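Working notes, structure below.
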Amino acid sequence: NAGVTQTPKFQVLKTGQSMTLQCAQDMNHNSMYWYRQDPGMGLRLIYYSASEGTTDKGEVPNGYNVSRLNKREFSLRLESAAPSQTSVYFCASSAQDNSGNTIYFGEGSWLTVV
Amino acid sequence: AQSVAQPEDQVNVAEGNPLTVKCTYSVSGNPYLFWYVQYPNRGLQFLLKYITGDNLVKGSYGFEAEFNKSQTSFHLKKPSALVSDSALYFCAVRDMEVDSSYKLIFGSGTRLLVRP
């Protein structure tokens, strides 16, 4: 059971370049999320998707776009990368219920913008 | 506003000693609380959660956490630390706002260092 799979693991971009981070989950979860992790700031939510066909902004959405391609896949796009977007990006998913909806994370994507 | 605070950037403990990683929260209503652990260059792994019921919650790898409503705290504990417990620990609370879609709000993280 792969859980949450995200690619690429590592990427170096030049300022102004674009790229897409891919994410897929095989747990039949309704909700998916993209977080970024920066030193001393914990995890901050970029975008989330409560269900297939819906997306919403999180705490730090500027400079990003997302696509919920189907129930399994949720991609994050940087249209014009900036050095401030150097970070570690985590995709996550959860079942949408009232049992506490544990969120499960992918292994992360390390992005450097030079 | 809902929030989570982890007041310690780092906790140092000797192997075999008990450990505590602190977390306090601020939410409206009854909280759903979580602890996650992150090992170097890895994703976050779920440790345990409190939804309702007993204030002492047991989780993975021998960890437990105590929910204290009066102190709005959810401290992570382990009776006997292992060197392999050294990692970054995150406390989180479920966003209880309407239309929150069950997303979590994370603390800034506490680095646990267990020395041999």
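Please find, among B:VAL37, B:VAL83, B:VAL21, the residue that is β-branched (Val, Ile, Thr) and either at pLDDT below 95 or closer than 26 Å to A:GLN6 by Cα (or both). Even if it seems obvious, please write down each step before you answer.
Working: B:VAL83 fails: either at pLDDT below 95 or closer than 26 Å to A:GLN6 by Cα (or both); B:VAL21 fails: either at pLDDT below 95 or closer than 26 Å to A:GLN6 by Cα (or both).
Criteria check complete, one pass: B:VAL37.
Kindly evaluate A:SER87 against the criterion of being touching a Leu at 6+ places or on another chain (Cβ under 9 Å), closer than 23 Å to B:GLY107 by Cβ and in contact (Cβ under 8 Å) with a residue 60 or more places away in the chain. It would help to see each step written out before you state the result.
Details: touching a Leu at 6+ places or on another chain (Cβ under 9 Å): yes; closer than 23 Å to B:GLY107 by Cβ: yes; in contact (Cβ under 8 Å) with a residue 60 or more places away in the chain: no.
Answer is no for this residue.
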- Query: Looking only at strands (runs of 3 or more DSSP E) that fall completely inside segment B:5-78, which ones have 1 or more residues that are within 20 Å of A:TYR104 (Cα to Cα), more than 14 Å from chain A (Cβ to nearest Cβ) and out of contact with any Ser or Thr (no Cβ under 6 Å at 6 or more places or on another chain)?
  - Reply: B:56-58, B:64-68, B:73-78
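Kindly evaluate A:ASN65 against the criterion of being over 23 Å from B:PHE34 (Cα atoms) and surrounded by fewer than 18 Cβ atoms within 10 Å (Cβ to Cβ). Steps first, please.
Working: over 23 Å from B:PHE34 (Cα atoms): yes; surrounded by fewer than 18 Cβ atoms within 10 Å (Cβ to Cβ): yes.
So A:ASN65 passes the test.
Take the conditions of a type outside the set (D, E, K, R), touching a Phe, Trp or Tyr at 6+ places or on another chain (Cβ under 7 Å), surrounded by 17 or more Cβ atoms within 10 Å (Cβ to Cβ) and within 13 Å of another protein chain (Cβ to nearest Cβ) and apply them to A:GLY3. Does it pass?
Numbers: of a type outside the set (D, E, K, R): yes; touching a Phe, Trp or Tyr at 6+ places or on another chain (Cβ under 7 Å): yes; surrounded by 17 or more Cβ atoms within 10 Å (Cβ to Cβ): no; within 13 Å of another protein chain (Cβ to nearest Cβ): yes.
For A:GLY3, the condition - of a type outside the set (D, E, K, R), touching a Phe, Trp or Tyr at 6+ places or on another chain (Cβ under 7 Å), surrounded by 17 or more Cβ atoms within 10 Å (Cβ to Cβ) and within 13 Å of another protein chain (Cβ to nearest Cβ) - is not met.
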- Item | Total residues in segment A:55-108, condition away from chain B (no Cβ under 14 Å), modelled with pLDDT under 95 and under 11 Å from A:TYR35 (Cα atoms) | 0
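Specify which of the listed residues (A:LEU43, A:LEU111) is crowded, with 19+ Cβ neighbours inside 10 Å, free of Cβ contacts under 8 Å to residues at least 60 places away in the same chain and either within 8 Å of chain B (Cβ to nearest Cβ) or of a type in the set (A, V, I, L, M, F, W, C) (or both). Step through it out loud before you land on a result.
Details: A:LEU111 fails: free of Cβ contacts under 8 Å to residues at least 60 places away in the same chain.
Testing whether each residue is crowded, with 19+ Cβ neighbours inside 10 Å, free of Cβ contacts under 8 Å to residues at least 60 places away in the same chain and either within 8 Å of chain B (Cβ to nearest Cβ) or of a type in the set (A, V, I, L, M, F, W, C) (or both) leaves just A:LEU43.
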- Message: I'd like the full set of residues that are surrounded by fewer than 16 Cβ atoms within 10 Å (Cβ to Cβ) and under 26 Å from A:ARG44 (Cβ atoms), limited to segment B:73-95.
- Response: none
- Query: B:SER101 passes all but one of (1) modelled with pLDDT of 95 or more; (2) in contact with a Phe, Trp or Tyr (Cβ under 8 Å, 6 or more places away or on another chain); (3) not in a strand (DSSP E or B); which number fails?
  - Reply: (1)
- Message: Exactly one of these conditions fails for A:ALA50: (1) more than 12 Å from the chain's Cα centre (by Cα); (2) within 12 Å of chain B (Cβ to nearest Cβ); (3) closer than 30 Å to B:GLN10 by Cα; (4) in contact (Cβ under 8 Å) with a residue 24 or more places away in the chain. Give me its number.
- Response: (3)
- Item | Residues located in segment B:39-63, provided they are closer than 23 Å to B:ASN17 by Cα, surrounded by 15 or more Cβ atoms within 10 Å (Cβ to Cβ) and charged (D, E, K, R) | none
- In segment B:96-116, what residues are of a type outside the set (A, V, I, L, M, F, W, C), over 28 Å from A:THR55 (Cα atoms) and surrounded by 15 or more Cβ atoms within 10 Å (Cβ to Cβ)? B:THR110, B:ARG111
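The values are calculated or read from the model by the stated rules, or taken from the named source; none is laboratory data. The structure displayed is predicted, hence computed values, not measured ones. So basically every Cβ, Gly included, is an ideal-geometry build from the backbone, and we count neighbours across all protein chains shown.
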